[in-house]
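*Asks:* Mind looking over this structure? Questions follow.
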């Protein structure tokens, strides 16, 4: 999946699972409670998430790509 400014956060979470823990390592904090985050991510694009977290878009895209790469490198639980 290519991550762009127009990618929905919900699509990222659906594709890669819960990457919020990894994103926190890069300085991106969680928003509210889980139920609120789940609702917000359906309408939230990467570009708007960057604005909300006051992170420059290019930096935020890099954070997401690193988070996804880290997630992909982790062994799957059923292996």
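The values are calculated or read from the model by the stated rules, or taken from the named source; none is laboratory data. Remember, it's a predicted structure, so these values are computed and weren't measured experimentally. Please note: Cβ atoms are built from the backbone with ideal geometry, for glycine as well, and neighbour counts cover all protein chains shown.
*Asks:* What number of residues within region 29-47 satisfy the criterion of being modelled with pLDDT under 80, in contact with a helix residue (DSSP H, G or I) (Cβ under 6 Å, 6 or more places away or on another chain) and under 16 Å from residue 63 (Cβ atoms)?
*Replies:* So the answer is 3.
*Asks:* I've got another one for you. Among the residues of region 17-27 satisfying the criterion of being surrounded by 15 or more Cβ atoms within 10 Å (Cβ to Cβ) and within 9 Å of the chain's Cα centre (by Cα), which is modelled with the lowest pLDDT?
*Replies:* 22
*Asks:* Run residue 68 past the list (1) modelled with pLDDT under 80; (2) within 16 Å of residue 5 (Cβ to Cβ) and report the number of the one that doesn't hold.
*Replies:* (1)
*Asks:* Can I ask one more? Taking region 48-65 as the search range and keeping residues that are farther than 20 Å from residue 1 by Cα and assigned to a helix (DSSP H, G or I), which one is modelled with the highest pLDDT?
*Replies:* 51
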